[in-house]
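Asker: Before anything else, here's the structure in question.
The values are calculated or read from the model by the stated rules, or taken from the named source; none is laboratory data. Remember, predicted model here, so these are calculated numbers, not experimental data. Note that we place each Cβ from the backbone using ideal geometry, even for glycine, and neighbour counts take in every protein chain shown.
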């Protein structure tokens, strides 16, 4: 009998921390399903890297703020790979840096829809599949929060910081809901990390500006955040749930 590999589902897996998670998960013995927003070429490259490590890999175009896209993502994972063992709730967006007084309702709504509503829908779908009280085999959910939830991101993106505060609250609450149902729920809070999210906020070199105020004097690498995510997903973290862990160079 062939042992089945556990399955990790990652939202926003075509770049940055999500892509690092996908590749490291494949190396660690997972099959991998991940979503991507628009860049099919980048998604195919990540998929190929996963396959090169012996994993089955599935890339699904999905906007997590649209419930139908999330349902399709999870259903395709169910059908093409199998029951999800780990959800990495990674997809997120920021708007251009600025002061809250200048943010439009449309901009705030977009950030909330992706970062909060989308993440909650993904958590819901994972809970429905993983909970032993609903016929599942248990599992692990790792949410991507941010140090912005603690620091507030003033003069940059308070709306983003607020959404990550919501992720922290949801992590704690869901850990309590699912603790007796075989599902662990944790969150990681990266500090400045070398991904292209800074460019989408309007300052590609943001980490260079912040580095002098980071005790370790540098930004983090996506692989360093992925290392923590993979550990939280593993049995080595079997008594960890409801934790919010900073990975921020001491910031």
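Asker: Report whether or not residue 60 is within 19 Å of residue 140 (Cα to Cα) and under 17 Å from the mean Cα position of the chain (by Cα).
Answerer: No.
Asker: Here's another thing I want to ask about it. With the condition kept exactly as written, say whether any residue in the range 76-84 is under 12 Å from residue 159 (Cβ atoms), out of contact with any strand residue (DSSP E or B) (no Cβ under 7 Å at 6 or more places or on another chain) and free of Cβ contacts under 8 Å to residues at least 40 places away in the same chain.
Answerer: If we filter the range 76-84 for residues that are under 12 Å from residue 159 (Cβ atoms), which is where we start, we get none.
Within the range 76-84, none of the residues are under 12 Å from residue 159 (Cβ atoms), out of contact with any strand residue (DSSP E or B) (no Cβ under 7 Å at 6 or more places or on another chain) and free of Cβ contacts under 8 Å to residues at least 40 places away in the same chain.
Asker: Looking at the range 101-115, which of its residues are surrounded by 15 or more Cβ atoms within 10 Å (Cβ to Cβ) and either over 29 Å from residue 241 (Cα atoms) or over 12 Å from the mean Cα position of the chain (by Cα) (or both)?
Answerer: 103, 107, 108, 110, 111, 112, 113
Asker: To continue, here is another question. For the range 91-101, state whether one or more residues are in a helix (DSSP H, G or I), more than 30 Å from residue 29 (Cβ to Cβ) and modelled with pLDDT of 95 or more.
Answerer: Step one: list which residues in the range 91-101 are in a helix (DSSP H, G or I), which gives 100-101.
Filter once more, keeping what is more than 30 Å from residue 29 (Cβ to Cβ): 100-101.
Of the ones still in play, those that are also modelled with pLDDT of 95 or more are 100-101.
So far as the range 91-101 goes, yes, one or more of its residues are in a helix (DSSP H, G or I), more than 30 Å from residue 29 (Cβ to Cβ) and modelled with pLDDT of 95 or more.
Asker: Got at least one residue in the range 201-210 being crowded, with 17+ Cβ neighbours inside 10 Å and either closer than 26 Å to residue 125 by Cβ or under 17 Å from the mean Cα position of the chain (by Cα) (or both)?
Answerer: No.
Asker: Which of the residues spanning the range 127-149 are out of contact with any helix residue (DSSP H, G or I) (no Cβ under 8 Å at 6 or more places or on another chain) and either surrounded by 19 or more Cβ atoms within 10 Å (Cβ to Cβ) or on the phi < 0 side of the Ramachandran plot (or both)?
Answerer: Hit for the range 127-149 is 147, nothing else.
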